[in-house]
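A quick write-up on the structure given underneath.
The values are calculated or read from the model by the stated rules, or taken from the named source; none is laboratory data. Source: prediction; values computed, not measured. Methodologically, a virtual Cβ is constructed for each residue, glycine included, from the backbone with ideal geometry; neighbour enumeration extends over all protein chains shown. Ligands, DNA and RNA are excluded from the accessible area calculation, which covers all protein heavy atoms including side chains. Shrake-Rupley method; radii C 1.70, N 1.55, O 1.52, S 1.80 Å.
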Amino acid sequence: MSAATIEENDGAGPFEVTHRLVLSIAIPMTLGFLTTPLLGLTDTAVAGRLGSADALAGMAVGAVLFDLLLGSFNFLRASTTGLVAQAFGRGDRRDEQAVYWRSLTIALCCGLAIALLSPLLLSAGLFLMAPPPAVAEVTSTYFTIRVLAAPMALANYALLGFVLGRGQGMTGLMLQAIINGINIVLSITLGLGLGWGIAGIAWGTFTGETVGMLAGLLIVVTRFDRAHRPGRAEIFARSRMKALFSLNRDIMIRTFVLIGAFAVMTRIGSSMGPLALAANAVLMNIFLVAGYYLDGLANAAEQLVGRAFGANFRPAFDRAVKLTLLWSFGLGVVTTMLFLVFGADVIGLLTTTESVRAEAVKYLPWAALTALTGALAFQMDGVFIGATWSSAMRNMMLLAFAGYIAALALFVPLLGNHGLWLALNLFLAFRGIFLALRLPALAGRQFSAAGRS
């Protein structure tokens, strides 16, 4: 099957997984994800040119609050992808639409709840971050405007999950480009050109999310076949809603634990002094860049594994696992080597403070290694999301986190910041290994049960 025709065929039944098919999903989504750090750099540059350190710090605090808040709802994207991919593999267009409307409704309700609770959320965020009054004032301005986009931002998670579930990588790229592209242009135009400052950056985000949602709705809904339109009772059937909430709950717990792991690392790093904390913050950008690359392949695994499940076709499942694993490790090796060779230059671009540069270079090999130790974790996450093995993914994350805490307790007192980075790499490795160990039994059970039914 040609990768170029995946968006046009009905997707049902047995299919062949090829390198081209994997990359047709992974490459567009990687490019789409890479627009996110570009957006972050643009917003930082705009805030940095407002002539006030408080403006830059206030926007940074606000951005962190939104990363924590909206990032916690990423389960909406993941669960939608897995369920739609399985319906796609079965050729069940009616269920595809039902999953979409179900997820979109939950996303909009969650987004509205965030917007309504925004005064409480802002107060809690400022209490936890404890910025100086002038910085808090800027954060409040940024947060109050940007939170209005919460319903649209979460709706975009459901939209992206749907198109990824159907293997439509180019559509996913287009939606990401629309959201982040409009955001970038308007942040510059409103923030600097019209002199709106931080408010202009926030309105740029609001507009990007809104236009992206409207474009996504137009693209997705106009492709729906009216003959397969599900009824309201079918969309909101109690058993289906219960299953979706259970899936979302498990993925949300897994996400919270992951966020917690990075929060623990930051907290321990801060106890080592401002120099180590700053160096670690710079080096985390290397880990995040590697993550954007690996996420694209995880998305390919989600769609292809889910589709193989829906089609009840074990050869496609095995091939999807094998090829996405091959590409993940290959990309991990290349990324690690590139950062080992050019990492010092990258650090130089990220900070002009010589002491921070020198400190970051000391720990550069550990940061570069995360692309390799994280390769299996990202790929296995994609496999388990596509298979909707959410409880197993949750449990293995909790087990890996326990190993991480043990590694921190053992290695940080012995090795200091080297021990902190060693523990992070072990955490990434634990995640991938523990999931991989569960894979054979779960796959055997799934396909043997499906074969009997």
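Worth a mention:
- Residues within segment 35-53 that are open to solvent by 50 Å² or more (accessible area, probe 1.4 Å) and modelled with pLDDT of 70 or more, tallied: 1
- GLY195 meets each of the listed conditions (1) out of contact with any Lys or Arg (no Cβ under 7 Å at 6 or more places or on another chain); (2) open to solvent by less than 90 Å² (accessible area, probe 1.4 Å); (3) in a helix (DSSP H, G or I); (4) not basic (Lys, Arg) apart from (3).
- Segment 259-310, residues that are without any contact (Cβ under 8 Å) to a residue 12 or more places away in the chain and of a type in the set (Lys, Arg): ARG267
- Residues satisfying the stated conditions in segment 264-273, i.e. part of a helix (DSSP H, G or I) and in contact with a helix residue (DSSP H, G or I) (Cβ under 9 Å, 6 or more places away or on another chain): VAL264, MET265, THR266, ILE268, GLY269, SER270
- Of the helices (runs of 4 or more DSSP H) lying entirely inside segment 63-172, the ones with 3 or more residues being open to solvent by 20 Å² or more (accessible area, probe 1.4 Å) and among the β-branched types (Val, Ile, Thr) are found at 133-146.
- In the set LEU128, LEU160, LEU83, only one residue is more than 21 Å from LEU297 (Cβ to Cβ) and either of a type in the set (A, V, I, L, M, F, W, C) or without any contact (Cβ under 8 Å) to a residue 12 or more places away in the chain (or both); that residue is LEU128.
- Of the residues making up segment 220-253, those that are more than 22 Å from ALA78 (Cα to Cα), open to solvent by 40 Å² or more (accessible area, probe 1.4 Å) and part of a loop (DSSP other than H, G, I, E, B) are ASP225, ARG229.
- Taken over segment 395-453, the criterion of being in contact (Cβ under 8 Å) with a residue 60 or more places away in the chain and open to solvent by 20 Å² or more (accessible area, probe 1.4 Å) is satisfied by LEU398, PHE401, ILE405, VAL412, GLY416, ALA436, LEU439, GLN446, PHE447, ALA450, GLY451.
- Residues of segment 112-135 include none that is within 26 Å of the chain's Cα centre (by Cα) and closer than 11 Å to ALA158 by Cβ.
- Taking (1) modelled with pLDDT under 90; (2) within 26 Å of PRO28 (Cβ to Cβ); (3) surrounded by 20 or more Cβ atoms within 10 Å (Cβ to Cβ) in turn, GLY181 satisfies each apart from (3).
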